[in-house]
Amino acid sequence: MDITTARERPDDWWEVEALYDTCFAPGRTALSSYRLRDGVDPIERLCIVARDGDGQIAGAIRNWPVRVAGKEVVLLGPVAVHPVHQGEGIAALLIWRCLEVAAKDGWPRIMLVGDAPYYGRFGFTPLTDVVMPPPTNPDRVLGIALRKGGWDGVTGPVERAHD
């Protein structure tokens, strides 16, 4: 697999958006997680693209700041892989890279909305005391502590980060 990763550049924005449109349902921006992103800039260092040997974007991941109990939290996603590259481990590569960069940058915790069996292999576990806006299925709210005690005392509703 000839895949490289790098921070998303400003000129990658529309290509990444097109990838998300290809990979997700048309109503993706109506999801509650998108309401938490409205008007908030993504975390630049945690927006990563994977390029194939031809330089084309094969996958992408973006991460956004949110707050829980007044504490900063990274909201992981969306992560997408172009259909021609699915099954090559690109999503896992992007997730591992995000976890690595976030930990180096001092982020104490990351959360996401997703499938526990898939994300469990990265160390994500259910966050039973963290509440995403409806209609999110609470069983799909997962988190990982990037340092000891990263989730201690961080409970309650997820809110937009304030600029």
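Every residue, every condition in (1) more than 20 Å from T22 (Cα to Cα); (2) exposed (fewer than 14 other Cβ atoms within 10 Å of the Cβ); (3) touching a helix residue (DSSP H, G or I) at 6+ places or on another chain (Cβ under 7 Å), yes or no:
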| site | (1), (2), (3) |
| --- | --- |
| G87 | no, yes, no |
| I95 | no, no, yes |
| L99 | yes, no, yes |
| A102 | yes, no, yes |
| P108 | yes, no, no |
| V113 | no, no, yes |
| Y118 | yes, yes, no |
| T128 | yes, yes, no |
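Residue-wise test of (1) within 17 Å of R9 (Cα to Cα); (2) surrounded by fewer than 19 Cβ atoms within 10 Å (Cβ to Cβ); (3) among the β-branched types (V, I, T).
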site	(1), (2), (3)
S33	no, no, no
I43	yes, no, yes
G53	no, yes, no
I61	yes, no, yes
V79	yes, no, yes
V84	no, yes, yes
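Of the residues in the range 134-163, how many are more than 17 Å from G70 (Cβ to Cβ) and in contact with a strand residue (DSSP E or B) (Cβ under 9 Å, 6 or more places away or on another chain)?
11
Read-outs throughout are calculated quantities, based only on the coordinates presented, and are distinct from any laboratory measurement. Model, not experiment: these values are computed from the prediction. Cβ coordinates were reconstructed from backbone atoms using ideal geometry, including for glycine residues, and neighbour counts include every protein chain displayed.
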